Structure formats: structure tokens, C-alpha cells
1. Which one, Thr16, Thr232, Thr146, has the greatest fluctuation when you compute a Gaussian network model over the chain with C-alpha springs under 10 angstrom?
2. Computed on alpha carbon atoms, what radius of gyration and Dmax characterise the range 46-177, expressed in Å?
3. Would you be so kind as to identify which of Val42, His57, His235 lies farthest towards the positive end of the dipole of the chain, taking Lys and Arg as +1 and Asp and Glu as -1 on Cβ and the Cα centre as origin?
4. Using a Gaussian network model of the chain whose springs link C-alpha atoms within less than 10 Å, name the residue from Ala236, Ala32, Ala137 with the highest mean-square fluctuation.
5. Based on the alpha-carbon gyration tensor of the chain and its eigenvalue square roots a ≥ b ≥ c, which shape applies: rounded if a/c is under 1.5, prolate if not and a/b is larger than b/c, or oblate?
6. Roughly how many debye, to the nearest 20, is the charge dipole of the chain about its Cα centre, given +1 on each Lys and Arg Cβ, -1 on each Asp and Glu Cβ, and no other charges?
7. Taking every alpha carbon pair in the range 107-257, what does the distance histogram look like in 5 angstrom bins from 0, in percent?
8. Given the options Pro216, Pro225, Pro116, which has the most mean-square fluctuation in a GNM of the chain, springs set between C-alpha atoms less than 10 angstrom apart?
Amino acid sequence: MTSKTDQNESENDVTTLKTIGMLGGMSWESTADYYHIVNEVVKERLGGLHSARVLLHSVDFFEIEKCQSAGDWDTAGKILGGAAHGLEQAGADFIVICTNTMHKVADQIQSQIGVPILHIADATAEALNSLGLHKVALLGTRYTMTQDFLKGKLVDAGFDVMVPDDAGIELINRVIFDELCLGQIRDDSRQAILEIVGELSTAGAEGVILGCTELPMLIKQPDCPVPILDTTTIHATAAAMRALAETSGGSTQLSTV
């Protein structure tokens with residue numbers, strides 16, 4: 001029989017869990033991974049029947065991708081900012097943008113809400129430091145590999161970030177949007193990307209950041225000559241640890257972007 005004390009402790013654990021506000025749907029396949037990882041971490045830490053407190057706004061990726069293709073980042077930021085505001089109003093304690101690319105508008109989203117965003121670059125920088133890596137390759141969408149919203153934050157944190165050549169950038173971008181975002185896993189695409197990773201490793205990359213939340217669907221650690229940093233797992237785990245911080249005594253840095 002469960003004692004009243006045990007029951008109260010369990011209730012207190014649930015009460016102190018922070019509520020994670022997820023901006024998802026970009027794509028929904030990787031958002032499903034976020035939800036799974038967050039709940040696995042909470043279950044492992046708290047045991048029993050515990051699960052994460054999550055509010056999810058899953059957008060129509062078709063609309064977001066149209067904005068990306070047109071370079072209309074302001075509209076994309078307004079869409080996601082409105083969704084984040086709704087999550088805040090519903091009780092989210094902090095926001096997680098479940099994609100690398102749309103961190104390009106993280107500042108714009110932050111300006112529309114009063115709760116902080118857990119930035120994917122901050123979580124990735126912590127993981128790089130824990131592994132003692134300095135020079136790393138970054139793979140992702142064309143936007144992530146060529147613009148500074150992720151790469152720049154890592155460089156500012158002291159890391160040397162490499163990206164593929166133009167042909168490699170276009171190949172990876174095509175695989176992400178034309179295959180992985182549609183749930184297609186192709187062996188020839190895996191091999192082509194692994195060849196790019198091999199070239200970057202030969203050029204000095206000590207590890208490779210899978211800076212697109214779809215890439216872990218295709219690229220696995222046993223395939224690679226250097227350590228893989230899966231930003232989906234890193235970011236989702238950081239979100240779970242932040243939600244658990246007061247419950248389990250852990251700590252996760254969380255600052256507005």
C-alpha cells in the first residue's frame with residue numbers, strides 16, 4: 001500500500017515538472033522524435049508512470065517551407081511567434097523550436113513571448129564541450145549551412161565550424177526536403193552524404209553535427225568515421241532536463257536568445 005507521504009512526494013514531483021512548449025511540424029517526423037525522447041528522459045529520471053508535461057503546436061510545414069523558399073522569413077517568424085504565444089498562454093514555461101532551420105527567426109519569436117526559448121545552438125555547444133571537440137563539420141539545410149543563425153553562435157562560442165562545398169550543400173539540402181521530409185530513406189543518399197562526411201573528416205573535422213532534425217533518420221554513428229552530434233537528441237534531452245531541473249536537482253542553462 002502506498003503511504004500518504006509517498007503519495008504526496010509523487011504529487012509534488014508532478015507539480016514541479018516544467019511544461020515544455022514545442023513548436024513542431026517542421027517536419028512532423030522529427031517532432032515525433034522530440035516527443036519520444038523527452039518522455040523517455042523523464043521516465044528514466046523519475047520512474048513509475050511519470051511522463052513529460054508537453055504542449056505541442058504542430059504547424060503546416062507546407063506554409064513554412066513556402067516562406068523559406070521565398071525568403072519571407074518575417075512571415076515565417078510571425079506564424080511561429082503566434083504559435084509560441086499560444087503555447088505561452090496555455091501554460092508553457094519555456095519554448096523549444098523543434099527544428100534547426102527555423103532558429104533563424106528565434107529572435108523574432110522571442111520578441112512575441114515572455115517565456116524563454118531553449119536555443120538548439122546552446123544545447124549543441126554544451127554537447128561539444130562535453131566531448132572536448134573543437135573543429136566540427138555542420139550538415140543541415142542550405143540555410144543552416146550557409147547562414148549564421150546556428151553556425152555563427154557556435155563560432156562565437158569558440159568552435160571551428162566547417163561546411164561542405166557548394167555541391168555538397170545542394171545535395172544535402174535536396175535529400176532533406178525531397179526525401180527525408182517526405183519520410184523517404186534512400187541508401188544511395190546515405191552513401192553520398194557519408195562521402196561528404198569522409199571528406200570533411202579528412203580535412204580535419206573531429207565530429208559532425210547533424211544540424212537538421214531529419215538527418216538522424218538517415219545517418220547513424222556506426223556509419224561515420226567521427227563522432228556524430230544529433231541535434232534532435234541533444235535539444236530534446238536538454239528540454240527534458242530543463243523541465244526536470246527543480247524536480248531532480250539538475251540544472252540546464254536557459255537564456256533568451
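1. With Cα springs under 10 Å in the chain, the top fluctuation among Thr16, Thr232, Thr146 is at Thr16.
2. Just the Cα atoms of the range 46-177 yield Rg and Dmax of 16.3, 50 Å.
3. After comparing all options, I get Val42.
4. It is Ala32.
5. Values: a/c = 1.88, a/b = 1.48, b/c = 1.27.
Judged from the Cα gyration tensor, the chain comes out prolate (a/c at least 1.5, a/b above b/c).
6. Details: 17 positive and 35 negative charges, 87 e Å.
With Lys and Arg at +1 and Asp and Glu at -1, about 420 debye.
7. Bins of 5 Å from zero give 2, 9, 18, 21, 20, 14, 9, 5, 2, 0 percent of pairs.
8. Top of the fluctuation ranking is Pro225.
Every read-out reported here was derived from the displayed coordinates using simple, explicitly stated rules and does not represent laboratory data. Predicted model, so just to flag it, every value in this text is computed and none were measured. Glycine gets a Cβ as well: all are built from the backbone with ideal geometry, and neighbour counts include every protein chain shown.
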